[in-house]
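What follows is a set of notes on a single structure, which appears directly below.
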């Protein structure tokens, strides 16, 4: 079952690449989804999904299947993507945008991704990507407690 419609994600994507300040962008997303916690997760996951789609099309690179968040005690907890209810939706949206455009939306969001940054650093250091594996994505803006009770 879809948590967020593609239409809503398209609107959020357009907001993400607009010239809004970060505060206005975050406020607009919260207004659009009527839930500040959901808005925070969408804002944080959207570029990561676009980055994963881009890197997935770059060749023989093993993509992560988990992400890391801190709990209240400051410990990093590793969580499978399947526990994030919106992950599949943002990944579908990123894939559709990669294949159908708009290209400026795809490239603008993908370059904001931590996974794209990691791959760029490896390439700039002369590291080969063939056969490389990416570790879990660190989501500093989210907390482990968000995922308590999520399937």
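Every read-out reported here was derived from the displayed coordinates using simple, explicitly stated rules and does not represent laboratory data. Quick caveat, the model's predicted, so the values are computed rather than measured.
Per DSSP H run of n ≥ 4, the term is -39500 (n - 2.57); total these for the chain, divide by its residue number, and report the mean residue ellipticity at 222 nm rounded to 500 deg cm²/dmol. Intermediate values should be presented prior to the final figure.
On the way: 6 runs with 77 residues, N = 151.
Computed ellipticity for the chain at 222 nm equals -16000 deg cm²/dmol.
Just for the Cα atoms in the range 24-68, what are the lengths along the principal axes, largest first, rounded to whole Å?
So the three principal-axis extents are 40, 19, 13 Å.
Taking Cα pairs under 8 Å and at least six residues apart, what relative contact order does the range 46-147 come out at, in percent?
48 percent
How many times 2.2 N^0.38 Å is the alpha carbon radius of gyration of the range 46-147?
Working: Rg = 14.1 Å, N = 102, 2.2 N^0.38 = 12.8 Å.
Compactness ratio reported: 1.10.
Of all beta bridges DSSP finds with both residues in the chain, what is the antiparallel percent, to the nearest 5? Provide the component values of the computation, followed by the final result.
Numbers: 5 of 10 bridges.
Looking only at bridges with both residues in the chain, the antiparallel portion is about 50 percent.
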